[in-house]
Every structure is written in structure tokens, then in C-alpha cells.
Number of protein chains: 2
Amino acid sequence: MATQVKIEKKVLSENDRLAADIRQQLQQHGVVALNFVSSPGSGKTSLLEKTLSALKDELRIGLIAGDVQTENDANRLRLAGGQMVQPLVTGGACHLDAKMITRVLPEFDLSRLDLLIIENVGNLVCPSSYDLGEAMKVVLISTTEGDDKPLKYPGMFRRSSVMVINKIDLLGTSDFDLERVKANARQINADLKIFEVSCRTGEGLDAWYDWLRDLVRR
Amino acid sequence: MATQVKIEKKVLSENDRLAADIRQQLQQHGVVALNFVSSPGSGKTSLLEKTLSALKDELRIGLIAGDVQTENDANRLRLAGGQMVQPLVTGGACHLDAKMITRVLPEFDLSRLDLLIIENVGNLVCPSSYDLGEAMKVVLISTTEGDDKPLKYPGMFRRSSVMVINKIDLLGTSDFDLERVKANARQINADLKIFEVSCRTGEGLDAWYDWLRDLVRR
């Protein structure tokens, strides 16, 4: 197993090198990149559909839609008005890595983008270890998943800058406690910026849109 | 990357060897082992709590509660009446493997067990590649996760024998369609045995308990 650890370290440092190249390219063109991570079904694609509908005439948004199989998410994002959407099917791999991003990035004209959103594979563990050259990771958690998830999957919450709590319209249908999930998340990462939204009812989304606008204008 | 693939193959074949040893030990003692897999928050621990409450005086159930961090699940299972519960904290790894099971298995007196339930890490990708010596994998999916998950994460649904659809009390709060998720799952795996349950209301659980009883008596 020592050999496996060495190989993993080598793969990760190669990933870091490629991620640094990506980050430099994005910064040169003033593109802000966000890496969206969560469990399967937390609502990454739903949040991006809403975000596109609200901001597509205001910000130039590119999207990379990662999935183990199917281009379902890329198709949904195009239907929601995404003009620049690249599917990225891993064919089995449990996370996106910088090499995959390097492969699809030339499909975008970076000089015509404000924001690049990368939707990672639904997985609360592995994607946390792979820098994709993003400005920050945004982790989603939905109110149907249990409020102890930040403690059980701490790596992802430690390495994210933003946590979006989705499906707040379903609060009360389970034991999920909004204050407890926030306390658990801040125990792992005191600096986490937190949004509470429902992609179904639209509640809380305006604050999210405003934050994105500010992020791009900064 | 070719070296990485070779190393991965070696690790997997070592895993298969250990899994075969585990399987043989379990069969010698007539213990049926189930490997529970799902996204984080689908309700694996909730289903096991209910199962313990219903069957603990009837079947001798051992549990291995896997998590990336915390012994929360193991503690919940003990509170639900679990007499033989072993926590298995991976400390970062995204799946359980046969080596980890080999390490905790001696904690159980197999001659006094009917059923061994292994609760894997919440992850719909990586655990599908690791045989733990189980008789079968049971995959959970909840009605809040989206009905396209079997198509997007096909490996897990292909390698599972049973699919439990949990949180059916929340049907109607999203676009999740019960018939569509079953059709999608059967497209990947035509032989999948399917249960529809709500751990919250108890609906559908009797059929699940009956199936477990039959499985152990066979």
C-alpha cells in the first residue's frame, strides 16, 4: 500500500500543477470560477438552472457539467438558457480532476466569460481532494440529508468557502435542524459563508444572486 | 497514469482475495451479510434503526457502521437496540474495503450471528468497486434525490441486488417520479428487487422485514 500512497501523492501534485495553470488562465481573463460540490441529489443542477434564468442576461456564464454517466445535467442547463455548456462525463471516475478541465477549457472563449461554474460529480468525499483551478468551492447540502453531514464529511466543508443549504421548503418534514447544521458546519470551518434557499419556492435565492453579482464585479 | 491503473488493479485483486476469505468465513457460520450503500443522507442508518427495533429479538444482527468521520451512526444503532455494533471510521477514505472488514470481523462471534449488516460510507460511486465479502449489496435511494440517479451512477445499481426507495412520505414535494426511478433502475439492472418505504411513517417496512426474515431462514 506504500506504493499506492506514493502514486496518489504524485497524481495529486500533477493535479495541483495543472490546476495552477488553469487558475492563471482564468485570472488573466478575469474569469471567476466556482466548483460546485455536494451529495448526489442535493440540487446542484436545480440551483444552476435558477441562477441561469436569473442572471444569464446580466453575466456571461460558462458551465462545465460533470457526471459519472449521462449528459442529463448539461441538457437541463442548456434548456435553462445556458449558452456555453460543456458536458464532462467521467465514465466511472468519482470526481473531476484538473486534467479533465484542461481538456474542455479550450471550448470556452475566456475573454467572453465573467463566471465559469463547474458542476462536480455528486460525491461528498473524493472531489474535495482535487483542485480544479477554481476561485472557491461551493458545497450544497439539502435539508433532507441530515444535519450531521458536515461532521461526517469534514474534508469537503473545510475546503469549501460557501455552503448553500437547499430545500428549506422541506424543513419540518424530518429532524433536520437548520441551526444545528450551521453550528456543525462552522465547527469545521468558521469562515464558511452560508445561504439558505429553496430552488422550488425561490426563497432565499435573491441573496445568492446578489452575492454572485458582487463576486464577479469585485 | 498507466502505473496508477496497474496499482489500482493490484489493490482491487488483493481486495477480492480478502473478500473471498471473509465470504468463506461467513458462509461457514451461516451468516448472511448485506452491504448497505447510498448517497449521504438517503437514510441507511434510519432504515437500520427501524430494522433493529423490529427484528432484534428474532434475529441475531451484527452491524459494522462505516463513516469517514464520527461514530454517530454506531451510537444511533446502539441506542436502537443494536447489541453487536462495530464503528469503522475510515479517517478520510471514501469507501470501506475488505481489509477494513478483516480488521473488525474478529470482534464478532460469528457462531452467534444470523445477519451481518455493513453500513458503507455515504457515496454512490466508490463503494461499488469494493467487494466486502457480502452476500449482496442493498442500495438505498430517497425520493428527494432525483429519479435519474440510477442512470447517472449506474455502477452501483448494476452491482446491487436490492434497491430500497426511502422517504416515500415525501413523494409529491418534488418532481421525483416513483415509476420513472424504477424504470431507470431496471434499465441498468433488470433483476433488482425493489422496496418502497418510509422510515418516518413506517409505510412499506413490513415487506422489507419479511424479506429479511426469509433471507436468513433460507
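Every residue, every condition in (1) within 13 Å of the chain's Cα centre (by Cα); (2) within 12 Å of chain A (Cβ to nearest Cβ); (3) modelled with pLDDT of 95 or more, yes or no:
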{"residue": "B:E134", "(1), (2), (3)": "yes, no, yes"}
{"residue": "B:I141", "(1), (2), (3)": "yes, yes, yes"}
{"residue": "B:D147", "(1), (2), (3)": "no, yes, yes"}
{"residue": "B:P150", "(1), (2), (3)": "no, yes, yes"}
{"residue": "B:M163", "(1), (2), (3)": "yes, no, yes"}
{"residue": "B:K167", "(1), (2), (3)": "no, yes, yes"}
{"residue": "B:D175", "(1), (2), (3)": "no, yes, no"}
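Assess whether A:G30 counts as being of a type outside the set (F, W, Y), in a loop (DSSP other than H, G, I, E, B), within 29 Å of A:I165 (Cα to Cα) and more than 11 Å from chain B (Cβ to nearest Cβ).
Yes; evaluated as a whole, the condition is true for this residue.
Does B:V164 satisfy the condition of being β-branched (V, I, T), touching a residue at least 40 places away in the same chain (Cβ under 8 Å) and touching a helix residue (DSSP H, G or I) at 6+ places or on another chain (Cβ under 6 Å)?
no
Residue by residue through the range B:179-197, note down the ones that are away from every other protein chain (no Cβ under 14 Å), in contact with a strand residue (DSSP E or B) (Cβ under 7 Å, 6 or more places away or on another chain) and of a type in the set (A, V, I, L, M, F, W, C).
Within the range B:179-197, B:L192, B:I194, B:F195, B:V197 qualify.
Can you tell me which of B:L116, B:L105, B:L88 is in contact with a Leu (Cβ under 7 Å, 6 or more places away or on another chain) and within 21 Å of B:V216 (Cβ to Cβ)?
When all the criteria are applied, what remains is B:L116.
Considering only the range B:52-69, state which residues are buried (at least 16 other Cβ atoms within 10 Å of the Cβ) and not aliphatic (A, V, I, L, M).
B:R60, B:G62, B:G66, B:D67, B:Q69, listed by residue number.
Evaluate the following for B:R200: is it within 14 Å of chain A (Cβ to nearest Cβ), surrounded by fewer than 19 Cβ atoms within 10 Å (Cβ to Cβ) and either closer than 20 Å to A:D175 by Cα or of a type in the set (S, T, Y) (or both)?
The answer is yes for B:R200.
Could you tell me which numbered condition B:A207 fails, if it satisfies all but one of (1) touching a strand residue (DSSP E or B) at 6+ places or on another chain (Cβ under 7 Å); (2) surrounded by 15 or more Cβ atoms within 10 Å (Cβ to Cβ)?
It is condition (2) that B:A207 fails.
If a residue must be in contact with an Asp or Glu (Cβ under 6 Å, 6 or more places away or on another chain) and on the phi > 0 side of the Ramachandran plot, how many such residues does the range A:163-211 contain?
Residues that pass the stated criteria total 1.
Name the residues in the range A:152-161 that are surrounded by fewer than 24 Cβ atoms within 10 Å (Cβ to Cβ) and either more than 9 Å from chain B (Cβ to nearest Cβ) or of a type in the set (S, T, Y) (or both), would you?
A:R158, A:R159, A:S161
Could you go through the range A:169-188 and let me know if any residue there is touching a Gly at 6+ places or on another chain (Cβ under 8 Å), surrounded by fewer than 21 Cβ atoms within 10 Å (Cβ to Cβ) and over 13 Å from A:T144 (Cα atoms).
Scanning the range A:169-188 turns up no residue that is touching a Gly at 6+ places or on another chain (Cβ under 8 Å), surrounded by fewer than 21 Cβ atoms within 10 Å (Cβ to Cβ) and over 13 Å from A:T144 (Cα atoms).
I'd like to check something: does the range A:188-208 contain any residue that is in contact (Cβ under 8 Å) with a residue 60 or more places away in the chain and among the small types (G, A, S)?
yes
The values are calculated or read from the model by the stated rules, or taken from the named source; none is laboratory data. Just so you know, these numbers come straight off a predicted model, no measurement behind them. Ideal geometry is used to build each Cβ from the backbone, glycine not excepted, and the neighbour counts take in all protein chains shown.
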